[in-house]
Amino acid sequence: MSEVILTTVGVAPSVERKASMRAETDIVANLAAVRGRIDRACVEVGRDRAEVSVLLATKTVSADRIRVALAEGYRLIGENRVQELIEKDAGLAGQPCVRHFIGHLQSNKVNQVLRYVSCVQSVDRIGLADRLQRRLDALDTSVEVLLQVNTSAEASKFGVSPAEAVSLSREVAKRDRLRIRGLMTIGLLDPNSERVRASYRGLREVRDRIRDAAIDGVEMGVLSMGMSGDLELAIAEGATMVRLGSAVFGQRP
Ligand SMILES: *Cc1c(COP(=O)(O)O)cnc(C)c1O
């Protein structure tokens with residue numbers, strides 16, 4: 001009798017384990033739903049589905065839960081804080097993932113961030129580009145960057161203004177260890193989808209102007225825009241990378 005009880009206790013998943021199994025199921029189901037939304041958005045506007053990649057925005061998400069998404073075939077992770085990159089690094093060791101930095105990057109954090117990421121999506125000022133260049137010189141390596149553009153005017157503090165984006169591209173391009181690959185924006189947070197869409201259209205127009213300027217070494221293949229609530233609008237305006245957090249991992253605490 002006692003044996004049966006012991007076995008039962010040993011086999012039954014703990015409350016914690018049950019909650020974590022449920023969370024895993026949710027992430028897998030959420031990813032399927034997100035894929036469906038992207039598929040439909042591409043069909044809607046006649047875009048090739050292969051042009052749109054998903055970056056998992058993993059702020060506040062543990063390495064364990066990130067691994068559930070990686071097991072579904074996703075590779076791109078975006079972190080906002082250097083501290084989180086450091087904390088999750090061991091938990092992601094050996095995982096087939098590519099990390100990008102997508103948060104505001106303070107110049108004094110540059111030395112730490114380069115060890116973890118292959119792309120900094122938030123280059124928005126020349127001082128930051130200089131700090132990156134100096135550190136990369138010391139490391140004798142290079143990094144991919146996106147220029148962050150503020151397409152929502154006063155609503156967001158970070159990002160170069162659309163008017164100054166071409167000249168920032170020219171300046172950053174002179175720092176030979178930064179390989180400019182495209183642009184990133186955080187869209188307008190607004191219930192009016194026309195206004196949100198206009199902010200994404202704004203990024204596309206900046207991309208076109210930079211392309212027209214034909215600056216040596218500057219590639220504009222990546223348009224990183226669109227989040228959980230508005231990925232369809234971003235895809236309609238040409239996004240090649242959508243950054244998804246809550247639609248995949250649930251609401252953040
Ligand atoms: C959090 C975050 C996202 C994802 O936001 P969701 O609405 O949760 O999808 C995308 N980009 C940046 C820069 C973020 O900080």
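Taking neighbour Cβ counts within 10 Å as the exposure measure, how do Ile102, Ile27, Ile126 sort from fewest upward? Don't skip to the end; give the middle numbers.
On the way: Ile102 27, Ile27 22, Ile126 15.
Exposure proxy ranking, most exposed first: Ile126, Ile27, Ile102.
Would you mind counting up the charge near Ala23? Only other residues with Cβ under 13 Å from its Cβ, with Lys and Arg at +1 and Asp and Glu at -1. List each step's numbers first, then the result.
Numbers: positive: Arg17, Lys18, Arg22, Arg65, Arg67; negative: Glu16, Glu24, Asp26, Asp64.
Here the charged neighbours net out to +1.
With runs of 4+ DSSP H residues as the only contributors, calculate the mean residue ellipticity of the chain at 222 nm using -39,500 (n - 2.57) per run, divided by the residue total and rounded to the nearest 500. Provide the component values of the computation, followed by the final result.
Details: 10 runs with 116 residues, N = 253.
Per the formula, -14000 deg cm²/dmol.
What number comes out for the charge environment of Val110, summing +1 per Lys or Arg and -1 per Asp or Glu over other residues with Cβ under 9 Å away? Before the final figure, lay out each step's value.
Values: positive: Lys109, Arg131, Arg134, Arg135; negative: none.
Here the count lands on +4.
Quote the charge dipole size of the chain about the Cα centre in Debye, to the nearest 20; the model charges only the Cβ of Lys and Arg (+1) and of Asp and Glu (-1).
Details: 37 positive and 33 negative charges, 60 e Å.
Dipole size: approximately 280 debye.
Kindly count the pairs of lysines across the chain whose alpha carbons are less than 19 Å apart, treating pairs on different chains or eight or more residues apart as eligible. Before the final figure, lay out the partial values.
Working: Lys59/Lys88; Lys59/Lys109; Lys88/Lys109; Lys109/Lys157.
Close lysine pairs found across the chain: 4.
Could you work out how far apart the two model spin labels at Ser161 and Asn111 are, taking each label as a point 7 Å from the Cα in the direction of the beta carbon, and quote it in nm?
Distance between the two pseudo-spin positions: 3.5 nm.
So how do Glu232, Glu164 line up by other beta-carbon neighbours within 10 Å, fewest first? Write down the numbers at each step before the final one.
Working: Glu232 20, Glu164 16.
Lowest to highest Cβ neighbour count: Glu164, Glu232.
Would you mind getting the Kirkwood hydrodynamic radius of the chain from its Cα pairs, rounded to one decimal in Å? It would help to have the intermediate numbers written out before the result.
Details: mean 1/r = 0.0516 Å⁻¹.
Over the chain, the inverse of the mean reciprocal pair distance is 19.4 Å.
Nearest 20 debye, what's the magnitude of the dipole of the range 6-130 about its Cα centre given +1 on Lys and Arg Cβ and -1 on Asp and Glu Cβ?
On the way: 18 positive and 15 negative charges, 25 e Å.
Charge dipole of the range 6-130: 120 debye, to the nearest 20.
All of the numbers you see were taken from the coordinates with simple rules; none came from a lab. Because the structure is predicted, anything quoted here is derived from the model rather than measured. When we count neighbours, we look across all protein chains shown, and the Cβ atoms used for this are built from the backbone with ideal geometry, even at glycine.
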